[in-house]
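Worksheet for the structure shown next.
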């Protein structure tokens with residue numbers, strides 16, 4: 001069963017309280033540790049084994065307003081004068097050795113098929129092919145989403161898009177709302193993490209962040225847990 005952020009905090013405090021009766025809980029500190037260790041272990045596990053990233057890690061922002069901006073804002077090599085850019089900066093997206101963990105950028109509405117997602121280095125060459133000359137591509141630059149096409153007549157039709165990715169800070173998704181006015185993520189929602197990764201993180205936090213402070217003997221912590229990474233690659237789902 002997926003765990004909420006509150007549950008993850010409670011599990012950490014439960015472990016810590018086994019060694020200290022006077023530890024003062026600071027949820028901001030715990031949340032920062034959980035986020036940073038998730039980044040560390042996510043990159044280590046999925047870069048090392050080149051596994052498909054399971055869907056549990058992805059979050060969605062379902063209603064991203066777009067606006068016209070000058071191509072000088074992102075991509076001066078384009079021949080058109082304008083591109084579409086998200087009005088607001090998006091949460092920072094996690095990256096692995098094969099690129100950013102973006103599963104889908106799509107229009108809001110009946111046709112929810114994803115735009116082609118490309119790196120900013122492919123922008124000058126987009127639209128030169130037989131099958132993409134009128135297609136829209138999406139890219140992520142400096143925490144903004146951009147849409148561009150050689151057929152700019154399509155731009156006025158795109159007011160809002162949806163965005164699905166692995167975010168560095170899961171709580172950042174909670175700053176965005178759905179088109180119906182709901183919150184895209186709350187602390188009562190499942191935290192985007194696998195159980196196996198959470199076990200590695202707990203051991204890491206106790207060994208390397210709280211051990212000195214709490215005076216915990218090294219042998220009291222399961223030092224073999226981190227080493228089990230090689231034997232627990234897990235089964236992944238397709239992106240998105």
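Scan the range 132-156 for residues that are out of contact with any strand residue (DSSP E or B) (no Cβ under 8 Å at 6 or more places or on another chain) and either surrounded by 16 or more Cβ atoms within 10 Å (Cβ to Cβ) or over 30 Å from residue 33 (Cβ atoms) (or both) and report the count.
7
Are there any pairs with C-beta distances below 7 angstrom linking a residue in the range 117-131 that is more than 25 Å from residue 93 (Cα to Cα) to a residue that is modelled with pLDDT under 85 and surrounded by 13 or more Cβ atoms within 10 Å (Cβ to Cβ), with the two at least 6 apart or on different chains, and if so which?
If the second residue must be modelled with pLDDT under 85 and surrounded by 13 or more Cβ atoms within 10 Å (Cβ to Cβ), the pairs left are 127/150.
Consider residue 37 carefully, then state whether it is in the same structural domain as residue 199 (by TED's automatic domain parsing), surrounded by 15 or more Cβ atoms within 10 Å (Cβ to Cβ) and either more than 30 Å from residue 13 (Cα to Cα) or at pLDDT 95 or above (or both).
On the way: in the same structural domain as residue 199 (by TED's automatic domain parsing): yes; surrounded by 15 or more Cβ atoms within 10 Å (Cβ to Cβ): yes; either more than 30 Å from residue 13 (Cα to Cα) or at pLDDT 95 or above (or both): yes.
Here the answer is yes, as residue 37 does meet what is asked.
On the given criteria, is residue 13 closer than 17 Å to residue 205 by Cα, modelled with pLDDT under 95, touching a helix residue (DSSP H, G or I) at 6+ places or on another chain (Cβ under 8 Å) and not assigned by TED's automatic domain parsing to the domain that holds residue 137? Walk me through it before giving the result.
On the way: closer than 17 Å to residue 205 by Cα: yes; modelled with pLDDT under 95: yes; touching a helix residue (DSSP H, G or I) at 6+ places or on another chain (Cβ under 8 Å): yes; not assigned by TED's automatic domain parsing to the domain that holds residue 137: yes.
So residue 13 passes the test.
Given the criterion more than 17 Å from residue 62 (Cα to Cα), in a loop (DSSP other than H, G, I, E, B) and either in the same structural domain as residue 43 (by TED's automatic domain parsing) or modelled with pLDDT under 80 (or both), identify the matching residue among 225, 233. Before the answer, list the steps.
Working: 225 fails: in a loop (DSSP other than H, G, I, E, B).
Being more than 17 Å from residue 62 (Cα to Cα), in a loop (DSSP other than H, G, I, E, B) and either in the same structural domain as residue 43 (by TED's automatic domain parsing) or modelled with pLDDT under 80 (or both) holds for just one of 225, 233, which is 233.
Output the residue which, of all residues in the range 159-172 that are assigned to a helix (DSSP H, G or I) and more than 9 Å from the chain's Cα centre (by Cα), is surrounded by the fewest Cβ atoms within 10 Å (Cβ to Cβ). Talk me through it step by step, then tell me what you get.
First, pick out the residues of the range 159-172 that are assigned to a helix (DSSP H, G or I): 170-172.
Now restrict to residues that are more than 9 Å from the chain's Cα centre (by Cα): 171-172.
Numbers: 171: 16, 172: 18.
The selected residue is 171.
The values are calculated or read from the model by the stated rules, or taken from the named source; none is laboratory data. This structure is a prediction, so every number in the text was calculated from the model and none was measured. With ideal geometry, Cβ positions are generated from the backbone for all residues, glycine too; neighbour counts draw on all protein chains shown.
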